[in-house]
Amino acid sequence: MTIREQTEEIEKAAFHERACHSTASKGRQTPEKEGDIRTCFQRDRDRIIHCKSFRRLKHKTQVFLAPKGDHYRTRLTHVLEVAQISRTVSRALRLNEDLTEAIALGHDLGHTPFGHAGEAVLRKIHPGGFDHYVQSLRVVDVLEKNGAGLNLTYEVRDGIIKHSKGMGKILSDTPSEMAGTLEGQVVRISDVIAYVNHDLDDALRAEVLHTKDIPQEILDVLGKTHAKRIDTMVRDLIYTTLNSKLERIAMSDRIMAAVVTLRSFLFASVYESQRLKEEFHKAENIVQSLYKYYSDHTGLIPHMADGADSPLTHVCDFIAGMTDRFALMTFEKIFIPQRWTVF
Ligand code: MG
């Protein structure tokens, strides 16, 4: 028996019956021989961690653009917080922690520079629009490894494409909007738990908000500190789901309502606040200018992934893949005259 087979046996003994066992995967787009050490979902997680798009997340905006302060979240620390929350929940529910971790680490690989400001521009100007979750799937399926893709399992890909909800329902009643595995559903809600908490924390750090601005009902129901609020949400998610015998991933109505209120509060007073909007407009201009420039100069785009795609798709992939600082540097190089340095 190989080490992988031993792990699969441990899964059989330990997992809840509603968990997604590694042996039950619907497989990869291109079939591959199983390894002797890691399960298919462990391999997917490792492929994501080793890919270039994952490393670029460290210089992509979460909320605050290219922050100078070292304590602000970036897209990378966001996905690590989502992975940590997802794993805690999955292990408590006896679900497949490796599958949840792989989905969590891969869910935001398609994010543009400058966060949702970059996404909004591409959505507006790119024919066919743009959504970061569709792009995340494109990164793992097509763009990584110079166009070969990572050839991930069906379950990880499904979790990535179904994680997003914007202002929509955190846990949708429409089955087609939800991941097919409970592990994928755990990531979807853990994403919200992570960002409402860390974005509030960063907004306080940035002095966009002060504790006295937080509605009292949020403090009363969820708690007065960052740690307490995460703890309230995670505990409620675990125990409410356990009470349903894992029929569904769920939160109690009371806590869910408070989470939704907190999300709306953040939209109104942080994401769409005047102070952030001003910088967002500048970022939008940069993304728009770069898109236009590279549409006229497609020959300058390095590593065009696949001859089958239209030139504008290459432009969109190239821009979407940029980090904040790479986009700023490229913009400067193209549009800002350099000082003459020969005396
Ligand atoms: Mg996310």
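The values are calculated or read from the model by the stated rules, or taken from the named source; none is laboratory data. Here the structure is a predicted model, which is why all the values come from computation and not from measurement. Glycine also receives a Cβ, built like all others from the backbone with ideal geometry; neighbour counts cover every protein chain displayed.
Of the residues in region 86-103, not one is more than 25 Å from Cys40 (Cα to Cα) and assigned to a loop (DSSP other than H, G, I, E, B). Scanning region 143-173 for residues that are in contact (Cβ under 8 Å) with a residue 12 or more places away in the chain and closer than 21 Å to Gly118 by Cα returns Leu143, Glu144, Ile160, Ile161, Lys162, His163, Ser164, Lys165, Met167. Check region 8-17 and report whether any residue there is outside any strand (DSSP E or B) and of a type in the set (Val, Ile, Thr). Yes; the residues of region 8-17 include at least one that is outside any strand (DSSP E or B) and of a type in the set (Val, Ile, Thr). The residue of region 27-54 that is farthest from Ala102 (Cα to Cα), among those that are assigned to a helix (DSSP H, G or I) and either of a type in the set (Asp, Glu) or without any contact (Cβ under 8 Å) to a residue 12 or more places away in the chain (or both), is His50. On inspection, Gly110 passes the criterion of being within 11 Å of the ligand (Cβ to nearest atom), buried (at least 19 other Cβ atoms within 10 Å of the Cβ) and farther than 29 Å from Glu11 by Cα. Somewhere in region 132-155, is a residue buried (at least 24 other Cβ atoms within 10 Å of the Cβ), among the acidic types (Asp, Glu), modelled with pLDDT of 95 or more and within 16 Å of the ligand (Cβ to nearest atom)? Scanning region 132-155 turns up no residue that is buried (at least 24 other Cβ atoms within 10 Å of the Cβ), among the acidic types (Asp, Glu), modelled with pLDDT of 95 or more and within 16 Å of the ligand (Cβ to nearest atom).
Restricted to helices (runs of 4 or more DSSP H) entirely inside region 130-245, those with at least 3 residues that are closer than 27 Å to Arg56 by Cβ are 132-138, 144-147, 154-161, 182-205.
Residue by residue, here is whether (1) modelled with pLDDT under 95; (2) touching a Ser or Thr at 6+ places or on another chain (Cβ under 9 Å) holds:
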residue: Ala14; (1), (2): no, no
residue: Ser22; (1), (2): no, yes
residue: Arg28; (1), (2): no, yes
residue: Arg55; (1), (2): no, no
residue: Ala102; (1), (2): no, yes
residue: Leu105; (1), (2): no, no
residue: Ala117; (1), (2): yes, yes
residue: Lys124; (1), (2): no, no
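Among all positions in region 184-202, there is no residue which is over 25 Å from Leu122 (Cβ atoms), away from the ligand (no atom under 16 Å from the Cβ), in contact (Cβ under 8 Å) with a residue 40 or more places away in the chain and surrounded by 12 or more Cβ atoms within 10 Å (Cβ to Cβ). Within region 166-187, being modelled with pLDDT of 95 or more and either within 17 Å of the chain's Cα centre (by Cα) or within 27 Å of Glu272 (Cβ to Cβ) (or both) holds for Glu183, Gly184, Gln185, Val186, Val187.
Summed over region 67-103, the residues that are under 15 Å from Arg55 (Cα atoms) and within 10 Å of the ligand (Cβ to nearest atom) give a count of 3.
Against the test of being aromatic (Phe, Trp, Tyr) and under 30 Å from Leu200 (Cβ atoms), the options Phe41, Phe54, Phe15 yield a single qualifying residue, Phe54. When we screen Thr341, Thr261 for residues that are part of a loop (DSSP other than H, G, I, E, B) and hydroxyl-bearing (Ser, Thr, Tyr), the only hit is Thr341.
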